[in-house]
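Everything below concerns the one structure shown next.
None of the figures in this text is laboratory data; all of them are computed from the coordinates on show. Computed from a predicted model, the values in this text were never measured in an experiment. Cβ sites come from the backbone with ideal geometry, for glycine too, and all protein chains shown count toward neighbours.
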Amino acid sequence: MVEEIKELAARFERISAHSHIKGLGLDENLKAKEVADGLVGQKRAREAAGVIVKMIKAGKMAGKGILIAGPPGTGKTAISVAISKELGKDIPFVQVSASEFYSTEMKKTEALIQAMRKAIGVRIKETRTVLEGEVVGLDYNMVPNPYNPTQKIPDSATLTLATTDEKRTFSISGRIALQFLAQGIEVGDVIVIDKETGRVARIGRSEKSKKYDIGDVEIVEVPKGKIEKSKEFTYVVTLHDLDEANARRSAIFSLFSQSSREIDSDVREAVDEQVKDWVESGKAELVPGVLFIDETHLMDIELFTFMNRAMESEMAPIIILASNRGFSKIRGTDIVAPHGIPLDLLDRLLIITTEPYKREEIRAIIEIRASEMGIEIDESALEELTSLGEEYSLRYAIQLLAPAYEYAKLRDSNKIETEDIKRASELFVDVSKSSEYLKQWESKMIIM
């Protein structure tokens, strides 16, 4: 039964374009390995990104920006994903496309400022008095629901908690007992109760409790020491989370105001002041994260000007832009600039460049992607696919893997061969062949 469920899960598993990337693939001296952590080639760009990661972790990149520039299909987004992997879960990483800033629901500058504030974390530290232990006894005192007498709800409960050193019994209110029922807490669970607020959190199942093959939760050790203790909690929220929480609170008193996804500047100013007070009192610390904006050329002069000013703020994230444009017009103007970005903004960016992949690098990337997708590929078929990637584009070659594999399965084979690649390439064309098709049938096409 377990094997059938695993097989079913594997059948519906989705492989994203960059799911194979685990990091930048650098050694301890920030030198790029040829093939490591799912990345191939682009050594200069990866080493530069490694320095950026070091600077971000050291807090020396706040309010600064990076531009990753290069032709399409040269790993710009892959490097940004690798940066996020290297930074880890504690540092916020927000990835957007510049087209997302244009919406009928909010102003484009509002969309940009929200994205920026999602990329700024606040690490809050609190010391709370808690009750922590394994549930070894739980008895509910059930009474009829006053709103529906046919149902019963807990009026109170008797709870017995135990650690390796202590065992205590508590009487708990109906409000806390309802939390136990809602979370499905039972004997054998390890829990934490905030003594002041009564909030209950389930940590996992005790290692001594009954274990199940399927549907079980995480197994944890039985807590040690006293049941009642002072414990320091650290959690990270973003400035945008705080903005939304405060906006909802103020909306309660504005019953006749129209609902909007935009957040008032007064709310943000109040949040900033509150966060500064927390930082000064030692209760919290700012965690500047990363905002990655792809397709930067889609931003217009108004957004660039707003970003230029916002980057000077003390509450600004590290901004990484990606562009595949050469000299092009800045959107909203007739000015031609490198990458379609104003020169005054370019001047304050650290620029990382990527280059087209070499043949051996294309081959290695195709092998990695095939392995990630669980596809076996014949040596001659791999050479054929590498040639297509070199002649047309790496993306085209990678996209042919899935249809070629379908042809392999029609032959009752789990391995792609040259004939499968050729059949797939005859049916699915690349950009250059598509352009030739348009020229051939241009007179038949509808022109807007």
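What to note about this one:
- Note on the stretch 359-439: Kirkwood hydrodynamic radius from all Cα pairs is 12.6 Å, rounded to one decimal.
- In this rough spin-label picture, where each label sits 7 Å from Cα along the Cβ direction, the K167-I446 distance is 7.8 nm.
- Candidates G198, G389, G88, ranked by Gaussian network fluctuation over the chain, Cα under 10 Å, top entry: G198
- Net dipole in debye of the chain [+1 Lys, Arg Cβ; -1 Asp, Glu Cβ; about Cα centre; nearest 20]: 740
- Its relative contact order, with pairs defined as Cα atoms under 8 Å and 6+ residues apart, puts the stretch 359-439 at 30 percent.
- Value of [θ]222 nm, deg cm²/dmol, for the chain, DSSP H segments ≥ 4, -39500 (n - 2.57) each, nearest 500: -11000 deg cm²/dmol
- Placed amide H near K64: partners under 5 Å, 5+ positions off or other chain: I319
- Taking every alpha-carbon pair under 8 Å whose residues sit at least 6 apart, the chain reaches a relative contact order of 20 percent.
- Across the stretch 126-235, the mean sequence separation of Cα contacts (distance under 8 Å, 6 or more residues apart), normalised by length, yields a relative contact order of 35 percent.
- Förster radius 25 Å - calculated FRET efficiency between I351 and E285, Cβ distance, rounded to 0.05: 0.25
- Label zone of E426 (point 7 Å out along Cα→Cβ, amide N under 18 Å): in the stretch 374-395 this covers 381, 384-385, 388.
- Against the rule of thumb 2.2 N^0.38 Å, how large the Cα Rg of the chain comes out: 1.26
- The label-point distance for K107 and D37, in a model that sets each label 7 Å from Cα toward Cβ, rounds to 3.9 nm.
- Cα-only Debye scattering, the stretch 126-235: base-10 log of I(q)/I(0) at q = 0.09, 0.24 Å⁻¹: -0.25, -1.36
- Fully extended contour minus Cα-Cα distance, from E295 to E436, at 0.36 nm per residue: 48.2 nm
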